[in-house]
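The values are calculated or read from the model by the stated rules, or taken from the named source; none is laboratory data. Only a predicted model underlies this, so the values are computations on that prediction, with no experimental measurement involved. FYI the Cβ positions are ideal-geometry reconstructions off the backbone, even for glycines, and counts take in every protein chain you see.
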Amino acid sequence: MAILGGGTGGGPIGVSNSYTGAAQALEIMGDHIYGYSGAVACPQDTETDLINHTTGSYYCTLKISFSNAEDTTTGNNIINRIRLNDGLIWQQQVDHSLSQYETVEFLNIVVPPYTNLRITAEDKNGATDQLVIAAGKIYR
């Protein structure tokens, strides 16, 4: 069955479109906000954007989870970073030789109105594909 409403917002739950795939921007659906980066190639020693989004006239609470898109990353050290308006607010280095990505852990943050949220990954030992999921609620 086709999704009703197309791009006009007339669908059964009042949103304009169905999920169209991974992207750097966050999507808003009612009072919810979410983003799925998909597998993003992260070259060695290059900080690579997984999510890059500027909020509007709302603030949001987000749960963020990082993951690796490859079956094996033995020996790769990944640095994940979160920036608000280019200010570093969180950073973590994950040593994949220690099997640290085996559980899903969420980081909770609040993003103010009109703020650029930039979530990145950097591989210090090679090149891997990284993922991030961000999901939460907006407050107007």
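Restricting L62, L88 to residues that are surrounded by 15 or more Cβ atoms within 10 Å (Cβ to Cβ) and of a type in the set (A, V, I, L, M, F, W, C) narrows the list to L62. Scanning the stretch 95-117 for residues being of a type in the set (A, V, I, L, M), loosely packed, with under 12 Cβ neighbours inside 10 Å and either at pLDDT 60 or above or in contact with a helix residue (DSSP H, G or I) (Cβ under 6 Å, 6 or more places away or on another chain) (or both) gives a total of 0.
Considering D71, D45, the condition of being surrounded by fewer than 14 Cβ atoms within 10 Å (Cβ to Cβ), out of contact with any Phe, Trp or Tyr (no Cβ under 6 Å at 6 or more places or on another chain) and modelled with pLDDT under 90 is satisfied by D71 alone. Being within 19 Å of Y139 (Cβ to Cβ), assigned to a strand (DSSP E or B), aliphatic (A, V, I, L, M) and at pLDDT 95 or above, is that true of even one residue in the stretch 22-32? Checked the stretch 22-32: no residue is within 19 Å of Y139 (Cβ to Cβ), assigned to a strand (DSSP E or B), aliphatic (A, V, I, L, M) and at pLDDT 95 or above. In the stretch 78-93, is there at least one residue being modelled with pLDDT of 95 or more and not in a strand (DSSP E or B)? Yes: one or more hits. Selection of the stretch 50-78 for residues being under 18 Å from I109 (Cα atoms) and not hydroxyl-bearing (S, T, Y) yields L50, I51, N52, H53, G56, C60, L62, K63, I64, F66. For first residues located in the stretch 39-50 and among the charged types (D, E, K, R), partners that are not in a strand (DSSP E or B) and lie 6+ apart or on another chain with Cβ distances below 7 Å form the pairs D45/K124; D49/Q24.
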